[in-house]
Structures are given as C-alpha cells and as structure tokens.
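The structure appears below as structure tokens.
FYI, it's all coordinate maths here, none of it is from the lab. Since we're looking at a predicted model, the values are computed, not measured. FYI the Cβ positions are ideal-geometry reconstructions off the backbone, even for glycines, and counts take in every protein chain you see.
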Ligand SMILES: Nc1ncnc2c1ncn2[C@@H]1O[C@H](COP(=O)(O)OP(=O)(O)OP(=O)(O)O)[C@@H](O)[C@H]1O
C-alpha cells in the first residue's frame, strides 16, 4: 500500500459493449478518508465504471488502483483493501444471512470465531437478525442490499465501493445505512457510492463526481462543484437535461 495514495484512482478507463462506448476515458481520484458520491443519469456508465474500478469487469483501457495497489495486476492485495456492493449481486441464495456471512468470511481467510462475532454484530445493526433462519432467496430487495452491505464490511476493508446502496431501501434502513457509513468514514475509512439522489449526496458527501455519457464533466469537493448553487441544478446543466416533458402526451389529459 503506497503511503499518501488516494483511496481510489481511475486513469483513462474505457469500456465498449459492441458498438456502444459505455465508459469513455474516465479519470477520477477519491481522496483517502473521503465520502464520495458518483452521480449520473440512467445509462451514464456508473455501474460499468465501478465494476472496472474494483476488478469485476476488465477494462478495454486504463487502470484502477486502490491505495496505490493496481486492481488488475495485484488483485489479491487490492481486493483485501476494498469492500464491494455490486449492482444486482449474485449470492448463494439458499443460505441464510448468518450462513452466507460465515461462508464469505471463511473464503476471505478470517478465523471462524471472528467471522461469527462480526456477522452477529452486522446482522443486529442492519436489523437482519430476526431473519436469521430465512434463506436469502426469500429476502426483499432492501434486505438484499443490507446483506450485501454486510458482506462488503465483513473483512473490515479500508475502502467501500457501493453501487446504489440506498435504492429500494426503506427510510428506516436507509437511516441505519447512513449512520454505518458515516461511522466508517469517521473511523478513517473511505466510501464511494453511486446514486441518482442529489439531496442524499449533498447531505452525505464531501466529494462528488458527475458522470454522463461515459465521461466525467465535473468532479471534486462538493462545494467546488456546486459553486454556490444546488447540486441538482448543476447536475441537470452538466448532463444536458431535456425539456420535452411539457410537450407530447397530450392524450393523457383528454
Ligand atoms: N453487459 C453489457 N452489455 C451491453 N451493454 C451494456 C452492458 N452493461 C452496460 N451496458 C450499457 O452501457 C451503458 C452504461 O450502463 P451502466 O449500467 O454502466 O449505467 P449506469 O450509469 O449504472 O445506469 P443506471 O443508473 O441506469 O443503473 C448503458 O448504455 C448500458 O446499456
């Protein structure tokens, strides 16, 4: 781990799917200790960029380093430093929450007693303890997000990379997740998460990156990117909001 290196550095990341360029040369620096929001409209390239950043999807070009450790040339060291909540995570669904955490913790090389103690705490804090006997296949979407977050936290990573952690989560659970993430950052951890909700990013984050059409038109400290305006206003301006909503659909009112 390089001293003074950023939590995450993406340089020139690119990805094409067939004839479509999903990520078109993304450079991004997530400073160590920051709470970083990655915002962009549907299809902007957030999931593709984050998947390449953590070693789940091989880029066509560019690099990703976690605390100075290259994700693609030194994956074992890099992956020990990062906890990931991917989009639409594939889980061994027949397992219960405690079984899943035990299995993944052991896969990560943690001693059995450590895994079980951490799993118990995580399940209690995330209010999944009452579903202790329920297989993950019967979880709601929000419960899946929470068990996914528990798996990301289990090995006590230094960086969390979370793809839309608040989507489909009820307000009470969202508040719990916010508290956990704030505590994680206060204790020296770094968080990057993607979201469409500007108010949430303004409330939680000290840094923001805007992604649109696979590029990053603005990134940096929230105050700098906002420049005295609301983040939502800046976002709509940057991503080129369309105003066609008032025209068309006349049949709806007839
Ligand atoms: N496996 C794939 N095969 C083909 N095209 C893909 C694939 N994954 C993503 N894309 C395309 O790449 C673009 C970026 O998708 P991506 O999922 O990264 O966007 P996103 O910003 O996460 O969107 P959302 O907010 O809707 O989740 C989209 O046009 C999408 O259709």
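Helix 141-153 against the longest principal axis of the chain: what's the angle in degrees, Cα atoms only, rounded to the nearest 10?
The two axes meet at around 70 degrees.
Can you check what the Kirkwood hydrodynamic radius comes to for the chain, Cα pairs only, in Å to one decimal? Can you show the working numbers first?
Values: mean 1/r = 0.0522 Å⁻¹.
For the chain, inverting the mean 1/r across all distinct Cα pairs yields 19.1 Å.
To the nearest 10 degrees, how steeply does helix 112-125 sit against the main Cα axis of the chain, on a 0 to 90 scale?
50
Evaluate Rg over Rh across segment 83-216, taking Cα atoms for both radii and Kirkwood's formula for Rh. Don't jump to the answer; show the numbers that get you there.
Numbers: Rg = 14.9 Å, Rh = 15.4 Å.
Computed over Cα atoms, the ratio is 0.97.
Estimate the FRET efficiency between residue 103 and residue 237 by the formula 1/(1 + (r/R0)^6), using the beta-carbon distance for r and 51 Å for R0, to the nearest 0.05.
Details: r = 47 Å, r/R0 = 0.91.
After rounding, the FRET efficiency stands at 0.65.
Taking neighbour Cβ counts within 10 Å as the exposure measure, how do 163, 138, 206 sort from fewest upward?
Working: 163 25, 138 10, 206 14.
With the sparsest Cβ surroundings first, the list reads 138, 206, 163.
Taking neighbour counts of Cβ atoms within 10 Å as a proxy for exposure, in what order, fewest first, do 251, 72 appear? Before the final figure, lay out the partial values.
Numbers: 251 6, 72 14.
Lowest count first: 251, 72.
Separation of segment 143-179 and segment 46-108 by C-alpha centroid, Å?
If you average the Cα positions of each part, the centres end up 14 Å apart.
Using the 10 angstrom Cβ neighbour count as an exposure proxy, how do 178, 58 rank, fewest first? Let's see the in-between values first.
Details: 178 15, 58 9.
Ordered by Cβ neighbours within 10 Å, fewest first: 58, 178.
Averaged over all directions, how much area does the convex hull of the C-alpha atoms of segment 67-113 cover when projected, in nm²? Kindly include the intermediate steps, with their values, before the conclusion.
Details: hull surface 17.4 nm².
Convex hull of Cα atoms, orientation-averaged projection: 4.4 nm².
Using a 10 angstrom cutoff on alpha carbons, build the Gaussian network for the chain and name the most mobile of 197, 30, 69.
Its mean-square fluctuation being the largest, the pick is 197.
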